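Computed from the coordinates by the stated procedures, all read-outs in this text should not be read as laboratory data. Predicted, not measured: the structure shown is a model, and the values here were computed from it. Cβ sites come from the backbone with ideal geometry, for glycine too, and all protein chains shown count toward neighbours.
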């Protein structure tokens, strides 16, 4: 979404119209879920995606026809007809998509506020009118932006009721003619250990929208050249560096250092924190020995029970890239499905 929002801002600042498309409701199986966005260029190019195939092509044509036309338009697409079969979109679901040619200071201010909310990473909710007959004095596509506590940031005042603060795993929904589109808080993934596995996990986690921080005591490993997608690389003694971090419930900590001693040191400082996820790589025997040692040093059973170890989904991984995939898949499951998600462990043993 961030690339699309920044593209909209640049287009509007340049005095041009931004052809903006957004999925506002889905039913059944669909290639993208509510909240997905795309900007269409007048030459048929695009930034973002609504899932590809025939639906995306139809939306592009509709968006181009919106040029110089005021207001937004909503269309629904059923993904089970013959054209969808030809393009592979036979999911059997239904998507409702709003398209609008944005122009002027009002949309610019809204998308600048949305860009700020994305940068802060605290989560937010968009409210978009999809049935103006149920929303007094409104029209399709009118929207409002609320922060993670339900405070209005931009857009229409009085547009429906104020949303509740973002709860765990909020879902998109349509109520009283308004599509409510929540965006979860961004997760900071602190990777302790800048070796091969840490490097592979960092690259994949950044691609899947985690904010990646890397911690290591070796500057020749923890640096921007090896971790170009990381927000920060922190070099220093592991214990001191972890103790200095502001760890919140939006923090995940993954421990993949170069040795058992460093793993134990990192876990001693990570396990009792407020991090929503703490994961440790290694064999079951290694983990058992580390846990026994930490108990002797006073780390509580409650803190150790929070640790996910061994990390990784069971995909039979052997190579470093495969181990990274298994670990990041587990992180995505935790982020998207919550701590009660059933996540069978792989027990990644390699570094």
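Under a plain spin-label model, where a point goes 7 Å from the Cα along Cα-to-Cβ, how far apart in nm are residue 260 and residue 300?
2.8
Cβ neighbours within 10 Å, averaged per peptide: list 123-135, 144-156 in order, most packed at the top.
Ranking the peptides 123-135, 144-156 by packing returns 123-135, 144-156.
Grab the Cα-Cα distance for residue 231 and residue 49, subtract it from 0.36 nm times how many residues apart they are, and report the gain in nm with one decimal.
Extending this stretch completely gives an extra 63.0 nm.
Using a 7 Å offset from the Cα along the Cα-to-Cβ direction at both residue 69 and residue 1, what is the distance between the two label points in nm, to one decimal?
With each label placed 7 Å out from Cα toward Cβ, I get 2.6 nm.
Sort 95, 1, 38 so the one with the fewest other Cβ atoms within 10 Å of its own Cβ comes first.
1, 38, 95
Length gain on complete extension for the stretch residue 105 to residue 243, per 0.36 nm per residue less the alpha carbon to alpha carbon distance?
Length gained, residue 105 through residue 243: 45.2 nm.
For the chain, list log₁₀ I(q)/I(0) at each q in 0.06, 0.08 Å⁻¹, using the Debye formula over Cα point scatterers of equal strength and ignoring solvent, two decimals each.
So the normalised log intensities work out to -0.27, -0.47.
Rounded to whole Å and sorted largest first, what semi-axes of the equivalent ellipsoid does the C-alpha gyration tensor of region 244-332 yield via the square root of 5 times each eigenvalue?
Computed over region 244-332, the values are 21, 16, 11 Å.
Could you tell me how many degrees, from 0 to 90 and to the nearest 10, lie between the Cα long axis of helix 105-120 and the main elongation axis, the longest principal axis, of the Cα atoms of the chain?
10
Give me the extension gain from residue 33 to residue 337: residue separation times 0.36 nm, minus the current Cα-Cα distance, reported in nm with one decimal.
108.0 nm
Any idea what the relative contact order of the chain is, in percent, if you count C-alpha pairs under 8 Å spaced at least 6 apart?
The normalised contact order for the chain reaches 11 percent.
Rounded to two decimal places and with Rh computed the Kirkwood way over Cα pairs, what is Rg over Rh for region 1-152?
0.96
Measure nothing but the geometry: give the 0 to 90° angle between the long axis through the Cα atoms of 196-207 and the longest principal axis through the Cα atoms of the chain, rounded to 10°.
Computed tilt is about 20 degrees.
Using DSSP, restrict attention to beta bridges with both residues in the chain and report what percent are antiparallel, rounded to the nearest 5.
So the antiparallel bridges amount to about 65 percent of the total.
Taking just the alpha carbons, could you work out the radius of gyration and Dmax for region 14-58, both in angstroms?
Rg then Dmax for region 14-58, in Å: 11.5, 39.
In degrees between 0 and 90, to the nearest 10, how far off the longest principal axis of the chain does helix 284-296 point, with axes built from Cα atoms?
The angle comes out near 70 degrees.
Suppose we take every Cα in region 188-337 and form the convex hull; what volume per residue is that in Å³?
103
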